[in-house]
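Take a look at the structure set out below.
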Amino acid sequence: MKTKREPIASPGGVPECFANKFGSQIQGALSGFDRLRLRGTLRHLFKPSVMEAYLNACRVLIKDFGDFAEGITKRVKAAVYDLAQRKQRPYHYLRSPQVSKEALAQAILQKDPVTQGLITILGSVEPCMSYVVRGSRETKLIHLELEPRKCLHFYFYYLHPTFGFMQLRLQSWFPFAINLNLNGREWLAHQLDQAGVGYRKADNCFVWIEDLPRAQALMRAQWATQWPPLLQGLLQECHPLHEEICRPIAQQYYWSASETEYATDVLFKDADTLAKLYPQFVHHGISSFASPDVMRFLGRYVPISTGRVYGHFEGEIISDLKHRPEGIRVKHSVNGNSIKVYDKQGSVLRVETTIVHPEEFKVYRAAEKDPEAKLGWRDLRRGLADLPRRAEVSHASNQRYLTALAAVTGTTPLSEAARSICQPVVRQGQRYRPLNPWSAQDGALLEAISRGEFAINGLRNRDLQRLLYPRKASDPTEQRRRSAATTRKLRVLRAHGLLKKVSGTHRYVLTSKGREIITALLAARQADVDQLTKLAA
């Protein structure tokens with residue numbers, strides 16, 4: 001049993017193998033939240049039985065729910081209109097919800113600028129979950145049901161003193177759900193302005209930052225944000241009736257992260273360099289990464305014994321390629337969570353992990369119902385308390401993907417990369433045989449040591465045996481023979497510089513050279529003639 005949190009690579013930067021390969025061509029990297037979608041809910045009021053108890057506490061009959069709710073909604077709307085009037089900012093009702101609200105808010109900001117505070121309020125009728133009164137033929141009684149409806153939503157756009165440009169959406173009907181959309185890069189721009197650090201920003205991307213380590217530290221500081229006072233301040237201004245609405249059953253808004261996007265931006269020195277490399281990133285991202293690879297990128301376990309996704313896995317694993325106006329995007333997803341790679345503003349390579357279902361990941365904590373209980377690895381929650389852990393697992397996911405990209409791309413010809421291992425070598429006076437990646441035996445050996453599950457903890461002799469000899473040994477003599485043969489294979493791999501031993505253990509890990517050469521060779525082994533011809537063209 002694990003007794004402490006597993007270490008996570010520090011934020012920012014790129015994996016060592018990526019830096020070794022492309023370090024001379026990049027300015028650096030910036031890692032942190034991109035888009036944050038937070039949701040504020042009166043959780044108890046999403047249960048019809050509790051909603052009926054709420055009406056009882058308000059001395060309202062179920063049959064009068066419509067009039068009661070309409071009265072509160074009118075007051076909520078009046079408070080919104082009053083805010084726009086007091087702040088002397090425009091309110092616009094949108095006849096179509098398809099209008100780009102962010103673009104409209106940005107246009108209003110350009111035409112009628114503010115340095116801080118409310119930019120505009122937009123109104124739009126959109127789908128929501130809300131209550132209606134229904135009758136039952138069996139019981140002859142009426143009751144509340146929560147079902148899809150439509151109601152007016154208010155969009156508040158701000159230049160916030162902490163978050164910068166942001167949006168809050170308020171549902172104007174019970175149960176008054178709130179959505180808060182933040183952008184980590186906008187947030188960072190505001191932090192850099194306050195810190196006096198120069199930068200160049202295009203769209204949602206930094207193409208140059210005067211002090212990258214300082215910028216990374218500021219992005220890291222976002223993880224430790226004290227959310228309650230900031231969120232309470234927004235509630236007080238945008239939804240002043242919330243305290244009155246909460247009072248009958250003494251509830252409060254519960255804030256959670258409904259979706260998070262965490263991006264690692266690799267800033268290349270110029271657009272031409274990335275333009276030459278990016279087609280290789282795209283090709284290998286869509287053609288070389290199989291379902292087990294995608295599972296490992298997103299932190300899912302793939303059994304060592306088979307290297308395949310469990311047969312009883314019922315989720316979806318999808319990889320797709322999309323042509324966007326600004327370029328090509330490769331995306332891999334597992335059960336709604338995803339990782340994608342694309343180029344931005346010509347010179348920035350972005351790898352981005354999106355988490356919609358956090359329960360697919362783990363966090364080291366006590367049980368929610370018993371805070372004094374022993375700590376253990378439990379499902380990652382949606383609550384903001386687990387937001388730093390979301391950042392950690394997303395960062396690790398991005399690092400794994402960059403490691404894979406570094407291993408399968410580059411400008412070094414395949415023949416040059418393979419030459420060193422296809423010739424015999426002499427180490428400490430002993431000669432070791434060459435490797436033949438295209439033979440069945442050595443091909444299986446290289447595939448085995450490059451598997452993702454060995455990337456962190458390394459592999460042992462017995463791990464390699466399970467892969468090379470899937471059938472159980474018939475007797476102890478056969479088992480010893482296999483162990484000795486595997487030891488000889490490990491020595492050959494170490495002699496060629498593909499593996500190194502972890503000091504003080506019986507484990508071995510791939511060297512940067514080994515990961516680069518092996519993955520490139522395996523990609524070539526799996527490619528057909530047409531694919532290789534296209535690459536050579």
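Is it the case that the stretch 84-99 has a residue that's aromatic (F, W, Y) and either part of a helix (DSSP H, G or I) or surrounded by 14 or more Cβ atoms within 10 Å (Cβ to Cβ) (or both)? Taking every residue of the stretch 84-99 in turn, at least one turns out to be aromatic (F, W, Y) and either part of a helix (DSSP H, G or I) or surrounded by 14 or more Cβ atoms within 10 Å (Cβ to Cβ) (or both).
Could you check the stretch 189-219 and list, in sequence order, the residues that are touching a helix residue (DSSP H, G or I) at 6+ places or on another chain (Cβ under 8 Å) and either assigned to a helix (DSSP H, G or I) or not assigned by TED's automatic domain parsing to the domain that holds D272 (or both)? Answer for the stretch 189-219, where residues must be touching a helix residue (DSSP H, G or I) at 6+ places or on another chain (Cβ under 8 Å) and either assigned to a helix (DSSP H, G or I) or not assigned by TED's automatic domain parsing to the domain that holds D272 (or both): Q191, L192, A195, R214, A215, L218, M219.
In the set (1) under 30 Å from Y81 (Cβ atoms); (2) in contact (Cβ under 8 Å) with a residue 60 or more places away in the chain, the condition left unmet by L109 is number (2). Please determine whether any residue of the stretch 169-180 is out of contact with any Lys or Arg (no Cβ under 6 Å at 6 or more places or on another chain), among the hydrophobic types (A, V, I, L, M, F, W, C) and more than 30 Å from P248 (Cβ to Cβ). Looking for residues that are out of contact with any Lys or Arg (no Cβ under 6 Å at 6 or more places or on another chain), among the hydrophobic types (A, V, I, L, M, F, W, C) and more than 30 Å from P248 (Cβ to Cβ), one finds none in the stretch 169-180, hence no.
Of all residues in the stretch 346-388, those satisfying the criterion of being touching a residue at least 40 places away in the same chain (Cβ under 8 Å), of a type in the set (G, A, S) and either outside any loop (DSSP other than H, G, I, E, B) or over 30 Å from R200 (Cα atoms) (or both) are G376, G383. One residue is enough: does the stretch 32-40 have a residue meeting the conditions aromatic (F, W, Y) and not in a helix (DSSP H, G or I)? Yes, because at least one residue in the stretch 32-40 is aromatic (F, W, Y) and not in a helix (DSSP H, G or I). Applying the selection to the stretch 74-130, what residues are touching a Lys or Arg at 6+ places or on another chain (Cβ under 7 Å) and of a type in the set (D, E, K, R)? The one that is touching a Lys or Arg at 6+ places or on another chain (Cβ under 7 Å) and of a type in the set (D, E, K, R): E126. Could you say whether any residue in the stretch 356-366 is at pLDDT 90 or above and either closer than 18 Å to G514 by Cα or of a type in the set (A, V, I, L, M, F, W, C) (or both)? Within the stretch 356-366, one or more residues are at pLDDT 90 or above and either closer than 18 Å to G514 by Cα or of a type in the set (A, V, I, L, M, F, W, C) (or both). Restricted to the stretch 434-515, the set of helices (runs of 4 or more DSSP H) holding at least 2 residues that are in contact with a helix residue (DSSP H, G or I) (Cβ under 6 Å, 6 or more places away or on another chain) and more than 29 Å from N20 (Cα to Cα) comprises 461-468, 476-495.
Please tell me if D270 is under 20 Å from G32 (Cα atoms) and either surrounded by fewer than 19 Cβ atoms within 10 Å (Cβ to Cβ) or more than 22 Å from the chain's Cα centre (by Cα) (or both). Judged against the criteria, D270 is not a match.
Consider L180 carefully, then state whether it is hydrophobic (A, V, I, L, M, F, W, C) and touching a residue at least 24 places away in the same chain (Cβ under 8 Å). In short, yes. Kindly check whether there is at least one residue in the stretch 494-509 that is loosely packed, with under 15 Cβ neighbours inside 10 Å, in the same structural domain as Q428 (by TED's automatic domain parsing), modelled with pLDDT of 85 or more and under 31 Å from the mean Cα position of the chain (by Cα). Yes: the stretch 494-509 contains one or more residues that are loosely packed, with under 15 Cβ neighbours inside 10 Å, in the same structural domain as Q428 (by TED's automatic domain parsing), modelled with pLDDT of 85 or more and under 31 Å from the mean Cα position of the chain (by Cα).
Residues are listed down the side, and each one gets a yes or a no for (1) at pLDDT 65 or above; (2) not in a helix (DSSP H, G or I):
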residue	(1), (2)
R390	yes, no
T403	yes, no
G410	no, yes
I421	yes, yes
V426	yes, yes
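Comparison of S394, S450, S439 shows that the only residue that is at pLDDT 80 or above, closer than 29 Å to T354 by Cα and of a type in the set (S, T, Y) is S394. Examine the stretch 100-112 for a residue that is farther than 14 Å from F174 by Cα, β-branched (V, I, T) and either in a strand (DSSP E or B) or touching a Phe, Trp or Tyr at 6+ places or on another chain (Cβ under 6 Å) (or both), and state whether such a residue exists. No; the residues of the stretch 100-112 include none that is farther than 14 Å from F174 by Cα, β-branched (V, I, T) and either in a strand (DSSP E or B) or touching a Phe, Trp or Tyr at 6+ places or on another chain (Cβ under 6 Å) (or both).
Outside any strand (DSSP E or B) and in the same structural domain as V60 (by TED's automatic domain parsing) - does that describe any residue in the stretch 148-161? Yes - at least one qualifying residue is present in the stretch 148-161.
Residue pairs whose Cβ atoms lie under 6 Å apart, separated by 6 or more positions or on different chains, with the first residue in the stretch 422-439 and under 16 Å from G514 (Cβ atoms) and the second polar (S, T, N, Q) and surrounded by 11 or more Cβ atoms within 10 Å (Cβ to Cβ), are P434/Q423.
The values are calculated or read from the model by the stated rules, or taken from the named source; none is laboratory data. Worth saying up front: this structure is predicted, and the values here are computed from it rather than measured. Backbone-built Cβ (ideal geometry, glycine too); neighbour counts: all protein chains shown.
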